[in-house]
Amino acid sequence: MKICQYFLEFLVFGCLGWVYECIYCMLRDHRWQNRGFLFGPICPIYGFCIVAGDIIIQLIYRYTGMSVSDMPIIPLFLACMVGSAVTEYVTSYVLEKRFHARWWDYSDIPLNLQGRISLPTSVGFGIMGTAIAKLLYVHILSFFGSIPTPVAEAAALIGMGILAADIALTEANLHDLLERIMDIEDKINVHMESTYQRLEDIKREIAAAEKAHMETYKNNITFYHRNIINNIRSMRSDRRDAILLRLKDDIKQRIEHRGR
């Protein structure tokens, strides 16, 4: 019966957490957002936190005899804040490693850790957890404890079947999406490598063409000036030397200018 109660708590508060997340994000961003990573209306992290808190409170009561109403506010708040931060960080890390995606990011919030958790949100969850423990915990126990055992077991089994089907469907769709993204990434990498190699080939072809053009230009210039030199060799020596000197300077300047 206790296991059924914990599972029903998980489902109920997971759904309430989904409602809270959707309403909060809708008011903040002025558009509808499905805040769960499953297809169904549930945010499992809220259910996990409530169940974990219930188990911890039960253990404290068993070994110390201290009920939740007797617990000091500050230690209870710190426990809720740290517990929510650890749960949120671990959940974010696992989801990112498994599906290569993030369902929340606190990078734009001050005092964040890798965008997975932040001090302001952890404080908010700590306040919320303390309020639930102090104001609602007794009523939660009373409500779930009043459910007849056969009804609780049937509801837990039905909820478990629906949740298992939702998880399987989500896993299949996300896995298929991940494979498609990886296939697209591989195709892009192959195309970029092919494009890069083609550009390198074009670069080498241009360099070879420029080199051949320069050689041809130098040969033509040399041939042209040789003809001129042969034509003026019959001139007077002083005039011939002056012309040859100007021709040599002209050849040198043309070749240097063309080389640049």
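Values as computed for the structure displayed
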| read-out | value |
| --- | --- |
| FRET efficiency for E215 and H191, using Cβ-Cβ distance with R0 set to 41 Å, rounded to 0.05 | 0.65 |
| Exposure proxy order (Cβ contacts within 10 Å, fewest to most) of Y89, Y196 | Y196, Y89 |
| Karplus 3J(HN,Hα) series, Hz, for region 147-154 with 6.51 cos²θ - 1.76 cosθ + 1.60 (x for Gly, Pro) | 6, x, 4, x, 5, 4, 5, 5 |
| Estimated distance in nm for a label pair at I206 and R98, the labels positioned 7 Å out from Cα along Cα-to-Cβ | 5.1 nm |
| E9, E153 arranged by Cβ crowding within 10 Å, fewest neighbours leading | E153, E9 |
| Gyration tensor (alpha-carbon) shape descriptor, region 2-147, a/c threshold 1.5 | prolate |
| Long-range amide H partners of C43 with built H, under 5 Å | C15, G17, W18 |
| HN-Hα J in Hz across region 14-20 - Karplus 6.51, -1.76, 1.60, θ = phi - 60°, x for Gly and Pro | x, 5, 5, x, 5, 4, 4 |
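Computed from the coordinates by the stated procedures, all read-outs in this text should not be read as laboratory data. Bear in mind that the values here come from a model prediction, so they are computed numbers and not experimental data. Here Cβ is always computed from backbone atoms with ideal geometry, including for glycine, and neighbour counts include all displayed protein chains.
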